[in-house]
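Below: one structure, written as structure tokens.
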Amino acid sequence: MDAKLYKSAFTHSTFNKKDNYERLEFLGDAILNSIVSEYLFTEFKNKDEGFYSKTRSNIVGRKNLNLIGKEILPSHKIQNKLKHISDNVFGNVLESIIGAVYLDLGYNTSKDFVIKYVIEKTNTKSVDQNYKSKILEWSQLEKKEIKFVNSIQKGPDHKKEYLIELFVDGNKISESWGNTIKSAEQKSAEIAIKIVS
């Protein structure tokens, strides 16, 4: 076992600028996406690409990883000089541990780890799929102005379609059609979240 790898995985840049979890987090993120993609493809043979993308984004999404990280990682083990350990740090450390397990023990062990501690835990959690809430939450954190604009309506009353455009600080980021304004807003927000996160 390579103890140095795991020590780095639990080290924040405020504690050590050169040897911290950031590089391992980058690797862990890629490994996590690969394992989750393979798992969904193998386990759900009759689903389409849209299902795979949506389910994967729920599993590897920041909010879900933060929740799992807070649940399974002891905060006192994270070396840092922060006044407060934010939820994001727990998610980042979780990804860096996945990277460390991959380098130390190989793909199959990291796959077992991801299935046990990420995928299976996600199945028992209520993962937030409200993309409009997510983009509004992001806008508050980043101090950005979000605006949904109903730019086009078409079709008869019983079968209307709506085109919703999403603007960030006056710049159009995404647009999507929906059978209701709400569904079109959700779709636009989902596209925007992927762009800004």
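The values are calculated or read from the model by the stated rules, or taken from the named source; none is laboratory data. These figures come from a predicted structure and were not determined experimentally. Virtual Cβ from ideal backbone geometry, glycine too; neighbours counted across all protein chains shown.
Among the residues of the stretch 74-111, write down those that are within 15 Å of Ser13 (Cα to Cα) and over 16 Å from the mean Cα position of the chain (by Cα).
Residues satisfying the conditions are Lys77, Ile78, Gln79, Asn80, Lys81, Leu82, Lys83, His84, Ile85.
Going through the stretch 129-145 one residue at a time, which ones are surrounded by 13 or more Cβ atoms within 10 Å (Cβ to Cβ) and of a type in the set (Asp, Glu)?
Hit for the stretch 129-145 is Glu137, nothing else.
Just give me the residues in the stretch 1-49 being of a type outside the set (Asp, Glu), in a helix (DSSP H, G or I) and over 20 Å from the mean Cα position of the chain (by Cα), in sequence order.
Result: Ala3, Lys4, Leu5, Tyr6, Lys7, Ser8, Thr42.
I need a count of the residues in the stretch 32-66 that are more than 24 Å from Lys134 (Cα to Cα) and in contact with a Gly (Cβ under 6 Å, 6 or more places away or on another chain).
Residues flagged as more than 24 Å from Lys134 (Cα to Cα) and in contact with a Gly (Cβ under 6 Å, 6 or more places away or on another chain) within the stretch 32-66 amount to 0.
Quick one: count up the residues across the stretch 27-56 that are of a type in the set (S, T, N, Q), at pLDDT below 90 and surrounded by 13 or more Cβ atoms within 10 Å (Cβ to Cβ).
Summing the residues that are of a type in the set (S, T, N, Q), at pLDDT below 90 and surrounded by 13 or more Cβ atoms within 10 Å (Cβ to Cβ) in the stretch 27-56 gives 2.
How do the pairs read when you match residues in the stretch 64-83 that are assigned to a helix (DSSP H, G or I) with residues anywhere that are among the charged types (D, E, K, R) and surrounded by 12 or more Cβ atoms within 10 Å (Cβ to Cβ), using Cβ under 6 Å and keeping only pairs 6 or more apart or on different chains?
Asn66/Asp87; Ile68/Lys121
Does Asn88 count as among the polar types (S, T, N, Q), modelled with pLDDT under 95, surrounded by 15 or more Cβ atoms within 10 Å (Cβ to Cβ) and on the phi < 0 side of the Ramachandran plot?
When the stated conditions are applied, Asn88 does not pass them.
Under the condition of being among the β-branched types (Val, Ile, Thr) and at pLDDT below 85, which residue from the stretch 110-141 is nearest to Asn66 (Cα to Cα)?
The extreme case among them is Val127.
Please verify whether the stretch 79-89 includes one or more residues that are among the basic types (Lys, Arg) and touching a helix residue (DSSP H, G or I) at 6+ places or on another chain (Cβ under 6 Å).
There is no residue in the stretch 79-89 that is among the basic types (Lys, Arg) and touching a helix residue (DSSP H, G or I) at 6+ places or on another chain (Cβ under 6 Å).
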